[in-house]
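S.K.: So that we are looking at the same thing, I have put the structure below in structure tokens.
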Amino acid sequence: MNQQYWADLVYEGEKLTEVAEGVPRDLSEDISRSEAGRAQTRRDAERYRALVNDTRPRDPNRQEHQLQDVIDAYRWNHREAAREVRHGIGFTRPGR
């Protein structure tokens with residue numbers, strides 16, 4: 001697993017949830033273990049990526065890409081937060 005990418009995604013998720021819910025939280029805890037939940041998350045993530053024309057491939061078996069799916073699905077379902085929190089904000093996280 002790419003630890004730096006993972007930490008960047010966790011940071012991005014914290015910023016998204018802070019805007020949407022008022023409290024930052026770790027979206028990596030939302031990685032669904034059920035096949036149906038993971039499939040719905042993947043569909044929402046793909047919808048978001050189509051909206052922003054992100055065509056980079058994701059491997060659904062890699063943990064980092066599963067978290068990227070959760071982040072992108074969250075952006076799809078919380079568009080107001082997605083507008084306020086720049087995609088890829090993890091690259092600017094403190095201590096990087």
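The values are calculated or read from the model by the stated rules, or taken from the named source; none is laboratory data. Source: prediction; values computed, not measured. All Cβ positions, glycine included, derive from the backbone under ideal geometry; neighbour counts span all protein chains shown. With ligands, DNA and RNA removed, areas are computed over all heavy atoms of the protein, side chains included. Shrake-Rupley method; radii C 1.70, N 1.55, O 1.52, S 1.80 Å.
S.K.: Of the heavy-atom accessible surface of the chain (probe 1.4 angstrom), what whole percent is carbon and sulfur?
M.R.: 47
S.K.: As a check on your grasp of the helix formula, calculate [θ] at 222 nm for the chain: sum -39500 (n - 2.57) over DSSP H runs of n ≥ 4, divide by the residue count, round to the nearest 500. Write out the running numbers ahead of the final one.
M.R.: Numbers: 4 runs with 57 residues, N = 96.
For the chain, the value works out to -19000 deg cm²/dmol.
S.K.: Mind jotting down a quarter of the surface of the convex hull over the alpha carbons of the stretch 40-96, in square nanometres, one decimal? Write down the numbers at each step before the final one.
M.R.: Values: hull surface 17.2 nm².
With the hull built on Cα positions only, its mean projection is 4.3 nm².
S.K.: Restricting to DSSP loop positions (anything but H, G, I, E, B) with no more than 12 other Cβ atoms inside 10 Å of their own Cβ, which trypsin sites (Lys or Arg not before Pro) remain in the stretch 1-68?
M.R.: Within the stretch 1-68, the qualifying trypsin sites (Lys or Arg not before Pro) (loop, at most 12 other Cβ atoms within 10 Å) are Arg33.
S.K.: While we're here: In sequence order, what are the phi-derived ³J(HN,Hα) couplings for the stretch 30-35 according to the Karplus relation 6.51 cos²θ - 1.76 cosθ + 1.60 with θ = phi - 60°, rounded to whole Hz, with x for glycine and proline?
M.R.: Whole-Hz 3J(HN,Hα) from phi for the stretch 30-35: 8, 5, 6, 8, 7, 4.
S.K.: Still on this structure, I have one more. Would you mind working out the accessible area per residue for the chain, using a 1.4 Å probe, and quoting it in Å²? Please report the intermediate quantities before stating the final value.
M.R.: On the way: 5670 Å² over 96 residues.
Here the per-residue accessible area is 59 Å².
S.K.: Taking only C-alpha pairs under 8 Å that are 6+ residues apart, what is the relative contact order of the chain in percent?
M.R.: 41
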